Each structure stands twice: as C-alpha cells, then as structure tokens.
1. Work out, step by step, the length gained on full extension between residue 98 and residue 27: first 0.36 nm times the residue separation, then minus their alpha carbon distance; give nm to one decimal.
2. Would you mind checking which residues have amide H under 5 Å from residue 60's amide H? H placed 1.01 Å from N; only 5 or more apart, or other chain.
3. Test of understanding: ordering 36, 58, 17 by Cβ neighbours within 10 Å, fewest first, what list do you get?
4. Once the Cβ-Cβ distance between residue 50 and residue 20 is put in as r, and R0 is 22 Å, what FRET efficiency do you end up with, to the nearest 0.05?
5. Taking the Cβ of residue 33 as the center, what net charge do the other residues with Cβ under 10 Å away carry, scoring Lys and Arg +1 and Asp and Glu -1?
6. Pull up the DSSP beta bridges for region 3-111 and report the antiparallel fraction as a percent, rounded to 5.
7. Sort the following peptides by mean Cβ neighbour count (other Cβ atoms within 10 Å, averaged over residues), highest first: 45-52, 63-70, 116-123.
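Read-outs: derived from the displayed coordinates by stated rules, not from any lab. Just so it is clear, the structure is predicted and the values come from calculations on it, not from any experiment. Methodologically, a virtual Cβ is constructed for each residue, glycine included, from the backbone with ideal geometry; neighbour enumeration extends over all protein chains shown.
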Amino acid sequence: MALIEIDDPRDARLDVFRRVPDSDLRSWPGTPHGLFIGESDKVIGRALDAGVTCAALFMERKWVRKTQPIIDRLQAIDPAVPAYVVDHATFRAVTGYEVTRGALGALLRPAEPAVADVVRGAHRTPCWKTSPTTPTSGRPSAARRP
C-alpha cells in the first residue's frame, strides 16, 4: 500500500471524508450496507479485529508514523486499500476538523443482525410501556414509581 499524497481538497477521492452525515454514509454508492468513519489507529484497529473491511485511510502527514501498524496490516489484507496523506490545511478543508485523534478510516458497515438473532438465547428482554408519566426512554421514572 503506497501512501498517496494529495494537495487539492477538492480531490474526488476524498469525498467520503468530506463532512458527510452518517445518514448519507449508510447508503454510500457501491457498498452493500454503507460506510462509517473510524477516527484513530485504535478505533480502526478494533474495527479490523472485528472483521470490518477498510475501504480507505485519510490522515495528516503527522499521523503516518503512529498509523504505520494499521497501514502495514491493511497492506497484508488488501494492498489496494488507499491511504491518503495531506497537510493540515487540506485535512481541515476536507473535514472541517481542526484537531483529530489520528487517521480516519472509511469502513464498510456490516449488515445489521436480525432481531431474532440478537435475542436468541436471551432469558429476558426488557419491555416498557411509555406513558405521559414516563421519560422518553420508556423506563419508569424513579420519582413516579408506585
């Protein structure tokens, strides 16, 4: 995986990192279940540990050394995953962020499990009725319990 230096904040390869709301990432073109953005080598690493696929990395030059283990790991998984590197001004122009915790990863959102799969084997599942006397969570308010 070669680091790809970009100096134009309008470069279309950076579109997924361009202040895109999560609702738009959920239906990102060319992905079965959309994308989500992970920030920092720790978050991206945890996603990879969970079997999530990384579509691209995006970072300021200052984060390359700290992100190198993730870059190496992605190189071994799929050398075609791009790693875009920019200066601070370009990063800020694309994301709007002045400060970050490191690299950003565009990660393929896994399929949501079926409810039956989530509750299979559960002994109890909570079920609360909402009423005008309960908060929005649906749980009975401690102050109003009989």
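1. 22.9 nm
2. 86
3. 36, 17, 58
4. Approximately 0.50, to the nearest 0.05.
5. Taking every other residue near residue 33 into account, the sum is +1.
6. 55 percent
7. 63-70, 45-52, 116-123
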